[in-house]
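Taking it in order: structure first as structure tokens, then the write-up.
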Amino acid sequence: MGRRGLMKLLVLTSEPITSGQLRDALGTDTDPAQAEVMVVAPAFAQSALRFWMSDADEAIAKADAVRRESVQELGEAGIPAAGDTGEADPHNAIEDALRTFDADRIVVFSHEGEDQRYREDVDRDELAARFGRPVDHAVV
């Protein structure tokens, strides 16, 4: 648990999220207003071609906007949150974040199907096994 016994939530998201989306992803057992929240927005490339061509400027700008909008929206809803942009690989983004934010739980928001960006497809069971924390997933 975080300071003062608050749960620490690491939120990985590819789009700005609202407090309602976070509450829905967590279910009834956790109130995000009673947690420390770290929002990480990975710099997902739109396609494999853009990723391999090292065309990261657009992905980084999008990730920065997602981070800013999510932190602002959560803060306005009374949910204390900080944020950062992350690596294009979601595993690396989570690993980097956990070095400075020892989360109790990970919540992943991602697109599905044709809307997914390159490397956005993550397996929550694989994440839970790799990082030793419960992982929730929701579609944005």
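The values are calculated or read from the model by the stated rules, or taken from the named source; none is laboratory data. Here the structure is a predicted model, which means the values were calculated and not measured. Every residue, glycine among them, receives a Cβ derived from its backbone with ideal geometry; neighbour counts consider all protein chains shown. Please note that ligands, DNA and RNA were not included when accessible areas were found on the heavy atoms of the full protein model with its side chains. Shrake-Rupley method; radii C 1.70, N 1.55, O 1.52, S 1.80 Å.
State all residues of region 119-140 that are modelled with pLDDT under 90, closer than 22 Å to residue 83 by Cα and open to solvent by 50 Å² or more (accessible area, probe 1.4 Å); if no residue qualifies, say none. Reasoning before the result, please.
Initial filter on region 119-140 (modelled with pLDDT under 90): 119-124, 137-140.
Imposing the further condition that a residue be closer than 22 Å to residue 83 by Cα reduces the set to 119-122, 124, 137-140.
Once the filter is applied, which keeps residues that are modelled with pLDDT under 90, closer than 22 Å to residue 83 by Cα and open to solvent by 50 Å² or more (accessible area, probe 1.4 Å), region 119-140 yields 119, 121, 124, 137, 139.
For the structure I just gave you, tell me whether residue 99 is surrounded by fewer than 19 Cβ atoms within 10 Å (Cβ to Cβ), in contact with a Pro (Cβ under 7 Å, 6 or more places away or on another chain) and at pLDDT 95 or above.
On the way: surrounded by fewer than 19 Cβ atoms within 10 Å (Cβ to Cβ): yes; in contact with a Pro (Cβ under 7 Å, 6 or more places away or on another chain): no; at pLDDT 95 or above: yes.
The answer is no for residue 99.
Look at region 56-77: where a residue is in contact (Cβ under 8 Å) with a residue 12 or more places away in the chain and a partner is of a type in the set (D, E, K, R) and not in a loop (DSSP other than H, G, I, E, B), sitting 6+ places away or on another chain with Cβ atoms under 9 Å, you get 56/50; 58/50; 59/50; 67/84.
Restricting the first member to region 121-140 and to residues that are within 17 Å of residue 44 (Cβ to Cβ), and the second to residues that are modelled with pLDDT of 90 or more and open to solvent by 70 Å² or more (accessible area, probe 1.4 Å), the beta-carbon pairs closer than 7 Å and six or more apart or on different chains are 138/24.
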